[in-house]
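J.: One structure is given below, represented as structure tokens, and several questions about it will come after.
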Amino acid sequence: MQTSVLNPAQIQLLNMMSFVSSPSVLSELNSVVSDFFAKRAQDEIDRMWETGELTDEKVESFRTLHERTPYK
């Protein structure tokens, strides 16, 4: 069995979990973490629009994008 080494961020998150005392606290924490990553994603999308990496045409091309794994 292969062992994994946790990075400092993972260790810190695990240590913080000791403060999760109820399902409602866990739900609130989940919401905060989700909001954090949603904001990071929105910031990156905004940056891509500003630099021209993302355009209306590119977004429209996603409608016909098919990247499925071919099965035999």
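The values are calculated or read from the model by the stated rules, or taken from the named source; none is laboratory data. The shown structure was predicted, so the numbers you read here are calculated from the model rather than taken from an experiment. Quick reminder, even Gly has a Cβ in these numbers, built from the backbone with ideal geometry, and neighbours come from all protein chains shown. Surface accessibility is based on the protein's heavy atoms, side chains included, excluding ligands, DNA and RNA. Shrake-Rupley method; radii C 1.70, N 1.55, O 1.52, S 1.80 Å.
J.: When you scan the stretch 10-40, how many residues do you find that are touching a Leu at 6+ places or on another chain (Cβ under 8 Å) and surrounded by 11 or more Cβ atoms within 10 Å (Cβ to Cβ)?
T.: 1
J.: Same structure again: Which pairs do you get when a residue that is part of a helix (DSSP H, G or I), found in the stretch 13-27, comes within reach of a residue that is open to solvent by 100 Å² or more (accessible area, probe 1.4 Å) and of a type outside the set (Gly, Ala, Ser), reach meaning Cβ atoms under 9 angstrom, with the pair 6+ apart or on two chains?
T.: What qualifies is 25/19.
J.: On to the next question. For the stretch 50-72, how many residues are surrounded by 10 or more Cβ atoms within 10 Å (Cβ to Cβ) and part of a loop (DSSP other than H, G, I, E, B)?
T.: Filtering the stretch 50-72 for residues surrounded by 10 or more Cβ atoms within 10 Å (Cβ to Cβ) gives 53-55, 58-59, 61.
In the following step, the residues that additionally are part of a loop (DSSP other than H, G, I, E, B) were identified as 53-55.
Qualifying residue count for the region: 3.
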